[in-house]
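Everything on this sheet refers to the single structure shown next.
The values are calculated or read from the model by the stated rules, or taken from the named source; none is laboratory data. Remember, predicted model here, so these are calculated numbers, not experimental data. Please note: Cβ atoms are built from the backbone with ideal geometry, for glycine as well, and neighbour counts cover all protein chains shown.
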Amino acid sequence: MIEKKGARLALAAVTVAGLLAGCSSGSSDSSTTVTFAGQTQEKDIWDAQFKAFEQAHPDIKVDAQYTPNDSYPQLMQTQLQAGNAADVIQTTPGTGGGLPALTLAAGGRLADLTNMSWVGSMPASSKPLVTLDGKVYAYPTDVAPLFVAYNPQLFSDAGLSAPTTFAQLTDACTKLSAAGVTPISLAGASYQNTSILVQAIAANNVFGPDPDWNTERKANSTTFASAAGWQKTVSDVKKLIDAKCFASDVAAVKAPVHMQRFAASKAAMYVMPAQAINSVRNAAPDLTFSSFAFPADTAAQTRVSAASGIALVVNGKARNSDAARKLIDFLSTPAQRAAYANTAGTIAPGAGPDGSDVYTDILTPLKPYMATDKVLTLNYLSWPNANVAQQLATSVQGLFTGQKTAEQVLADTDQAWNTANK
């Protein structure tokens, strides 16, 4: 179901306009409307941004439509194909996400944004994910790391502190489980959530040791099944299962439930992307929680995957292209990027008054990683298409039910990669 921003106000405006038309045939509305398509999860964040934009640009109104996350990519593809999509569209960077910006650009669906004012100040890690053949096609809104959110009170009650090694993490799982607390809340029935878990672990085992692994896979000089890092990643998932890190019903848990368990202090940890911080805050405004990087075997090996979770694009057939560009230009200003990051729970590079990065408080413990070479671009965004990451995550779900072996998980993923490249 699509939600429309300001539906009641729009109805009132139509009514008033009709009354005025009856009184004065010379009156007219000279404002321009720019349309926006986004996901329901970010509705509150975008609405606040658009209110500020309309105050700064009283001659431009934003008509924002929101669609639930699961059905959003297909709806946008359909509308783009039909030529009736919004002027500005929320997409994912790169080629491996649900609505990949660069795949849309390659299909001729998007406007070239290379000459926009914000292009020169983009983070280096974001640029390859929004650039195709030397042209920029999308605006990356922020930097959003994957991390482990945890409840300090539940840890303290169990005599624990934030783990810095994988062994400490599994030990914490054992102690928390013995105390009657679910150690890690995971929606095992949602491939999106198992994907987040796998990608957080792979940063340590695959892309930390070999940052060029994606390039090697594209050249067919390696495979998921033959790579020691991917073998260890899937093995680590199995170790977490064996250490009782997840609820006994993990395979049946859906996304809303696992977040609610963490928000209600029934689970001590939650492996999440930064964009989920806002959802937890809304569900439990009084909950105190913090973060740590998903730990590798040693603290020195620990890495953090991060990327812009959202890339805004201008429809190549936008009805109001100039207004669409003005909207993105406004959203790219330091003040708006900082406001977005603080609300969404992400990071706004260089948006501070002194040019520093703006962090939401939950992410402060990750600063030592984000300022060094220990932060990696979220690598699945460069995979051939979204099906590869989805297949990997779906096959990992089979580990929870006992229907898949580690070897089968990696073989399935290689098959998805090979199919995507045919």
Original post:
Limited to segment 51-71, what total is found for residues that are of a type outside the set (A, V, I, L, M), in contact with a helix residue (DSSP H, G or I) (Cβ under 8 Å, 6 or more places away or on another chain) and either under 19 Å from N342 (Cβ atoms) or in a helix (DSSP H, G or I) (or both)?
Top reply: 1
**OP:** Being out of contact with any Phe, Trp or Tyr (no Cβ under 7 Å at 6 or more places or on another chain) and β-branched (V, I, T) is the filter; apply it to segment 263-313 and report the residue that is nearest to T131 (Cα to Cα).
**Re:** I310
Subject >> Given (1) assigned to a helix (DSSP H, G or I); (2) surrounded by fewer than 18 Cβ atoms within 10 Å (Cβ to Cβ), number of the condition S395 does not satisfy >> reply: (2)
Original post:
Here is a list of conditions, (1) in contact with a Phe, Trp or Tyr (Cβ under 6 Å, 6 or more places away or on another chain); (2) closer than 22 Å to S235 by Cβ; (3) of a type in the set (A, V, I, L, M, F, W, C), and L169 meets all of them except one; can you say which number that is?
Top reply: (1)
Original post:
For the subset of segment 86-103 comprising residues that are assigned to a helix (DSSP H, G or I) and crowded, with 24+ Cβ neighbours inside 10 Å, which member is farthest from the chain's Cα centre (by Cα)?
Top reply: L102
Subject >> Subset of segment 370-392 (residues that are of a type outside the set (S, T, N, Q) and part of a helix (DSSP H, G or I)) >> reply: M370, Y380, L381, A386, V388, A389, L392
**OP:** Out of F166, F155, report the one residue that is aromatic (F, W, Y) and buried (at least 21 other Cβ atoms within 10 Å of the Cβ).
**Re:** F166
**OP:** Select from segment 65-85 the residues that are buried (at least 21 other Cβ atoms within 10 Å of the Cβ) and more than 27 Å from A189 (Cα to Cα) and list them in ascending order.
**Re:** L80, A85
Original post:
Out of (1) within 15 Å of the chain's Cα centre (by Cα); (2) assigned by TED's automatic domain parsing to the domain that holds V62; (3) not hydrophobic (A, V, I, L, M, F, W, C), what's the single condition that is false for S279?
Top reply: (2)
**OP:** Please work out if D59 is without any contact (Cβ under 8 Å) to a residue 60 or more places away in the chain, acidic (D, E) and surrounded by fewer than 16 Cβ atoms within 10 Å (Cβ to Cβ).
**Re:** yes
Subject >> Filter result for G134 (assigned by TED's automatic domain parsing to the domain that holds A371, on the phi > 0 side of the Ramachandran plot and either modelled with pLDDT of 95 or more or charged (D, E, K, R) (or both)) >> reply: no
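Just to check your reading of the model, which residue among T78, T35 is at pLDDT 50 or above and out of contact with any Asp or Glu (no Cβ under 6 Å at 6 or more places or on another chain)?
The match here is T78.
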